[in-house]
Amino acid sequence: MLAELINPYHFQVASFILINIILGISVYITLSTGQLSLANAGFMGIGAYTSALLTIHFDLPIVLGIIAGALVAALLGILIGIPTLRLQGVYLAIVTLGFGEVIRVVFINWESLTKGSVGISGIPHIGREILSTLKGFGFDPKVLGLQNNQFIFLSIFLLLFIITIGVIWFFRRQHRSRVGRAFAAIKLDEKAAESMGINITYYKVLAFAQGALLSGFAGALYAHVLAYISPADFAYHRAVEILIFVVFGGSEVIWGPIFGAFFLTLMPEVLRFISEYRYMIYGLIIIILMAVRPQGLIDVNLLNWVKTKGKKRGQKHGTGNTKSM
Amino acid sequence: MLIEQLINGITLGSIYAIVALGFTLVFGVLGIINMAHGEIFMFGAFIGVLVTTSLQLPLWLGFLAAILITAVMGYMLERFALRPLRHKQGVSHLAPLISTIGVSILLENLSHHLFGAGNHPFRASFAEINFQIGSITIYLVQIVIFVISVILMMALSFWLGKTKAGKALRATAENLETASLLGVDTKRIITMTVIIASAMGGIAGILVGMAFNSVTPQMGLSMGLKGLAIIILGGMGNVKGAMAGGLILGLAETFIVVYGDSGYRDAIAFLAIIVILLIRPQGLFGQKIST
């Protein structure tokens, strides 16, 4: 029954989809104030390395390690965010790209701490940790009819699923709050937003820090799910990959990066024969999308259309809240 | 020792300057960061390897082939990735940046498939010839690279400053609409700019291949990122700034390898731009930032 349904490989892929969704949202959040940050792969690396090193060298529980990783990334995000705020558009994109490169070079060269380009292995694994904790309470996965490693992958998936739902829930709430409206106003017109009394410095740094926090968090999860990290995991290509999730899915609504991360992580796994050409296809997708549909596949209009389709009588409702969600 | 390093630094710097010129031309006219420039540069280097090493043809043919092919690539880039985005309502100013990132991903992986991921040696027939002046060794390759770079920079400066097409380009860079009202065919100028910038990237590719005797699909990325750093260092869209910025970065990198930690060589460029943007955001030679 349950045992036959659980293929560790499928759950592994599903876990990566969930982590990528969190990463996609991290870029979306910064972008929702009109700032393009390409440093999120770097922040992800900071989170991953912080958590991995803390749990390995100081025997910190994984939960604390992940929280520490996310906080360190957020702190760095604030430090980077404040000075780079005076930059806009492409300048910010390039500086954040450069910052990501600096982080990568530091990871490679600080060998005494990070083991250089070899990477860190033997990072405590979330699933195994959960299993051993539960076993301490006298629980045995055989009760559910599962092998140990099936249970490990299932527990990781469920944990990440709950976390991802929580993240989505939080940012959807935020979108409809005062903060979300401030973000949208800044994205639309910074000067107008400022003259309306919105503290744009505060909100831009907030968005930047949230993006950093979230990518550091995702990076820490990544480290403890994979149990191995190396500087190459957090290089330029990762930054671009995360960006593609958002660009492909749509950067206007939170469902865009979620869909983008889901589809683009799943596609190479399902279409194995394509995976060799994966990045070429990525490149083509970006070029075509920018020319045809620069806002991404999912945008506000599409969502409204789906909504009005869903409730057929909702014509009056549909016009009233075009800007929400 | 010091003078030898100085020569190495200037050689490297003059190559950087040419790469950066390609970026700065496109940015000056279009206001776009061309993230695909590094990959076009890398293709130029591969064309050079194919012509000189695989086909055993002379070096000047390698240059010619590289210029032609990268020019065509520049045209395609403009035609398919940039032109569709221009004059389109409601397109974010980040769209062209993302679009060129798409081109760069495509080209990088295309070259993986065409040329393989490995390292291709690039042997110029005169690679071993060197001169001894006192205790200093100068390789002929270095002189060739330096001379070609200087000629290229001078030709570009002359072209931009004195010819009609160059003036039209500068007018377009200053204000596209006004230039177009004054009878400049801005569409042609834009296409021409991207083509010239790409061809310069192709030449730089061969020069880098000769300088390091190695060509890989990854070189486009690292060189492209450095080119970006240089134009920020020198001031965006500023031709003289790109040349000076290239030389500064070349010298800085060479000297950190000699006197510091060689591992951090690739980080200098970015540390420099982070510092520059904090202290003097318009760049060393820039006038003011246009936002």
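Using the Cβ-Cβ distance between B:Val72 and A:Ser177 with R0 = 45 Å, the FRET efficiency computed as 1/(1 + (r/R0)^6) comes to roughly 0.30. For the pair B:Thr178 and B:Ala165, label points projected 7 Å from Cα toward Cβ lie 2.4 nm apart. The sum of -39500 (n - 2.57) across all DSSP H runs of n ≥ 4, divided by the residue count of chain A, sets its helix-only mean residue ellipticity at 222 nm to -24000 deg cm²/dmol.
Extending 7 Å from the Cα toward the beta-carbon at both A:Val306 and B:Thr137 defines two label points whose distance is 6.5 nm.
How far is helix A:255-270 tilted off the main Cα axis of chain A, in degrees rounded to 10, range 0 to 90? Approximately 40 degrees, to the nearest 10. In this label model, A:Ser275 and B:Ile151 are separated by 4.9 nm, measuring between points 7 Å along each Cα→Cβ vector.
Listed by number, the DSSP H helices of chain B that run 27 Å or longer by alpha-carbon position along their axis and have mean Kyte hydropathy of at least 1.0 are B:2-30, B:95-115, B:140-162, B:186-212, B:239-259. Here the Karplus relation 6.51 cos²θ - 1.76 cosθ + 1.60, evaluated at θ = phi - 60°, turns the backbone of the stretch A:213-229 into coupling constants of 4, 5, 6, x, 4, 4, x, 4, 4, 4, 4, 7, 8, 8, 6, 8, 9 Hz, with x for every Gly and Pro. In this structure, the amide hydrogen of B:Phe285, modeled 1.01 Å from its nitrogen in the peptide plane, lies closer than 5 angstrom to those of B:Gly235, counting only residues at least 5 positions away or on a different chain. If R0 equals 51 Å, the separation of the Cβ atoms of A:Ile82 and A:Leu134 corresponds to a calculated FRET efficiency of about 0.70.
Qualifying trypsin sites (Lys or Arg not before Pro) in the stretch A:162-199, where qualification requires a DSSP coil assignment and no more than 13 other C-beta atoms within 10 Å, comprise A:Arg176. Suppose the chain between B:Ser262 and B:Ile129 were pulled fully straight at 0.36 nm per residue; how much longer would it get relative to their current alpha carbon spacing? Using 0.36 nm per residue and subtracting the Cα-Cα distance, I get 45.2 nm.
Computed across the protein assembly as shown, the Kirkwood radius stands at 25.8 Å (inverse of mean 1/r, all Cα pairs). Please name whichever of B:Ile195, B:Gly209, B:Ala20 sits farthest to the positive end of the charge dipole of the protein assembly as shown, dipole taken about the Cα centre and charges placed at Cβ: Lys and Arg +1, Asp and Glu -1. Towards the positive end, the residue furthest out is B:Ile195. Applying Stokes-Einstein at 10 °C and 1.306 mPa s to the Kirkwood radius of the stretch A:2-248, computed over alpha-carbon pairs, gives a translational diffusion coefficient of 85 µm² s⁻¹.
Read the figures in this text as sums done on the coordinates, not as results from a lab. Everything quoted here is computed from the prediction, not taken from an experiment. No Cβ is skipped: glycine too gets one built from the backbone with ideal geometry, and neighbour counts run over all protein chains shown.
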